[in-house]
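The next block holds one structure in the form of structure tokens; read it before the comments.
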Amino acid sequence: MSFKLYNTLTRKTEDFVPVEPGRVRMYVCGPTVYGHAHLGHAKSYVSFDILLRYLRYLGLSVTYVQNITDVGHLTDDADAGEDKLAKQAQKEHRHPMAIAEYYTRSYFEDMDAINCLRPDICPRATGHIPEQIELTQTLIDKGYAYEANGSVYFDVTKFPGYGKLSGRNIEEMQAGARVEVSGEKHHPADFALWKKAEPNHIMQWNSPWGRGYPGWHLECSVMSMKYLGKTIDIHGGGIENQFPHHECEIAQSEAANDCPFVKYWVHHNMVTVDGQKMGKSLGNFITLKQIFKDGHERLTRTYDPLAVRQLILQSHYRSPIDFSDAALSAAQSGYDRITDAVLKVRKQITSAPDGAADSAVLSQLAAMKDKFEAAMNDDLNTAVALSVLFEMVKLVTTLPDSGTAKATLQAIDAQFRTLGGDVLGIVKDDYAVAGGTDDAILDHLIGLLIEQRQTARKNKDFAASDAIRDKLASFGVVLEDKPGNITTWRRA
């Protein structure tokens, strides 16, 4: 069965065939680094991490580029408002580049925690100003763009394909345009390639049109073309970026190069809170750091980073996730079940007898692998793929506590490592990275006791609650109750 991927451009699920056999060029819109990553970012980058991992599992050579936006992304996500980094810099009384550095480091720290593979190339918008000026000049020379009062705009009426990704047409854009359209634009839908900077604007560079800074859409075209070529296989991003961001990328790239920009457009759906998109601008976001260690009023406890990954895998990347503490708690329980089964198998391997692998078990594993691959080949159906891991967990529970041949256990462990680790990213090669296998079990057990204590407190059974706290304290484990009914633990 061939790998099939939904293409937003054609609105069809298609066989994935790279432009160049055996090689995949993939670009994903990275974060605008003006705050800590939140659960919405996790949904995005886990989704594309799964795509990356599965393409490599299929034996394809993938070059993965994910940018860092550190200039040009304005607060209204189009051509008006303040630069998001500059606004945050004013709030924190720091230079915009200091903001970019701090939150870029924070972003990768969180992505590492949820086990997203690092991109092969991670370019920054501010590192590609000359290329953005060059592309802007090319579009002016070819008649697709015009200068107005120090800014440069793309003329959407000159590009017949504008709207093909989002399904919009220029007439609808004209009718739906806001009244306060910039007088500099020939058409309300024209978008900025280069923006004139006011004298007090910190982020600005010299250009043929005066001091200014690049438009948000321009950077992705430039960095994609520089590192992957004029036509790439996959461009990914959130469904909210389909218009205008990705639509504008197509227009400026294809106008400049006279060839298709992207073969497969892949968009993930959003994380919602009470049915509304989670995002910084709406103020309803929960950062990953709050989920992992700091706590949040919407959470009853902190959670393992890979439980967050598990939560995302439980739904299809093109489906929304409505956030709740209960959903995270269920994902944590599921992740713990898989981890416990893996640890049980690896512990048994150390003392298992030699002998041939059980043919019945090998047959079951092969059937599970086929089911896993069929699900992943069907537009990355991670929910079904994840269910295969639980079938493997069930298989482990049927094995006797001793006497199973080492070869049988090794076959199970190898499949956990490949399907659960290499592809889904929730099974670790070495649990010692968290302080040792014993520490992984300890963290799990203390988490269960914290849940029991919270239930006791909810039921006003304070004697039981205090008994759990005191017993843990006698073993050198200190519980810390935080605002919002959140409890974390540390060693004394």
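The values are calculated or read from the model by the stated rules, or taken from the named source; none is laboratory data. Treat the numbers as computed from the prediction; the structure is a model and nothing was measured. Heads up, the Cβs are rebuilt from the backbone with ideal geometry, glycines too, and the neighbour counts pull from every protein chain shown. Note: areas computed on protein heavy atoms with side chains; ligands, DNA, RNA excluded. Shrake-Rupley method; radii C 1.70, N 1.55, O 1.52, S 1.80 Å.
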If I stretch the segment between ILE121 and ASP322 completely, what's the gain in nm (0.36 nm per residue apart, minus their alpha carbon distance), one decimal?
69.2 nm
Whole-angstrom gap from the range 34-48 to the range 273-301, using each part's C-alpha centre:
12 Å
Nearest 10 degrees, 0 to 90: what angle lies between the long axis of helix 382-398 and the longest principal axis of the chain (Cα atoms)?
10 degrees
Taking Lys and Arg as +1 and Asp and Glu as -1, residues besides ARG25 with C-beta under 14 Å from its C-beta add up to +2
Helix-derived [θ] at 222 nm for the chain: sum -39500 (n - 2.57) over DSSP H runs of at least 4, divide by residue count, nearest 500?
-13500 deg cm²/dmol
In what sequence, largest accessible area first, do VAL17, VAL222 appear using a 1.4 Å probe?
VAL17, VAL222
Peptides ranked, highest mean first, by Cβ atoms within 10 Å: ranges 444-457, 49-62
49-62, 444-457
Nearest 20 debye, what's the magnitude of the dipole of the range 357-492 about its Cα centre given +1 on Lys and Arg Cβ and -1 on Asp and Glu Cβ?
560 debye
Dipole-positive endmost among PHE108, ALA145, VAL478 within the chain (Cβ charges, Cα centre):
VAL478
Quick one: pull the percent of accessible area on the chain belonging to carbon and sulfur, 1.4 Å probe, ligands and nucleic acids left out.
51 percent
In degrees rounded to 10, the 0-90 angle between helix 129-141 Cα long axis and the longest Cα principal axis of the chain is 40 degrees
Pull up all non-local amide H partners of LEU193: gap of 5 or more, or a different chain, and H-to-H distance under 5 Å with H placed in the peptide plane.
VAL152, TYR153, PHE154
Based on Cα positions only, what radius of gyration and what Dmax would you give for the chain, in angstroms?
25.5, 80
In Å², rounded to a whole number, the accessible area per residue of the chain with probe 1.4 Å is 42 Å²
Neighbourhood charge, 9 Å Cβ-Cβ cut-off, centred on HIS217 and excluding it, Lys, Arg +1 and Asp, Glu -1
-3
Testing the spin-label approximation: label points 7 Å from Cα along Cα→Cβ at LYS406 and LYS394. State their distance in nm.
3.1 nm
Take GLU171 and LYS230, extend 7 Å from each Cα along the Cα→Cβ direction, and tell me the distance between the two endpoints in nm.
3.3 nm
With an 8 Å Cα cut-off and a minimum separation of 6 or more residues, compute the relative contact order for the chain in percent.
16 percent
If each residue of separation counts as 0.36 nm, what is the full-extension length gain between LYS91 and GLU480 once their alpha-carbon separation is subtracted?
136.9 nm
DSSP beta bridge pairing in the range 15-69, given as percent antiparallel to the nearest 5
10 percent
Between the range 397-423 and the range 312-374, what's the alpha-carbon centroid distance in Å?
10 Å
Mean projected area (nm²) of the alpha-carbon convex hull when the range 302-437 is viewed from all directions:
8.5 nm²
In degrees, nearest ten, helix 437-458 long axis to first principal axis of the chain (Cα)
90 degrees
Looking only at aspartates and glutamates whose Cα falls under 12 Å of LYS84's and that sit 8 or more positions away or on another chain, we get ASP70, ASP76
Distance in Å, no decimals, from the C-alpha centre of the range 447-492 to the one of the range 141-171 is 60 Å
Let me cross-check LEU386: its accessible surface, 1.4 Å probe, with only protein heavy atoms counted, in Å² to the nearest 10?
10 Å²
Go through 256-265, 228-237, 321-330 and give me the packing order, highest mean Cβ count within 10 Å leading.
228-237, 256-265, 321-330
Size of the dipole of the chain about the Cα centre, Lys and Arg at +1 and Asp and Glu at -1 on the beta carbon, nothing else charged, in debye to 20?
680 debye
Distance (nanometres) between label positions extended 7 Å along Cα→Cβ at LYS458 and ASP430:
3.9 nm
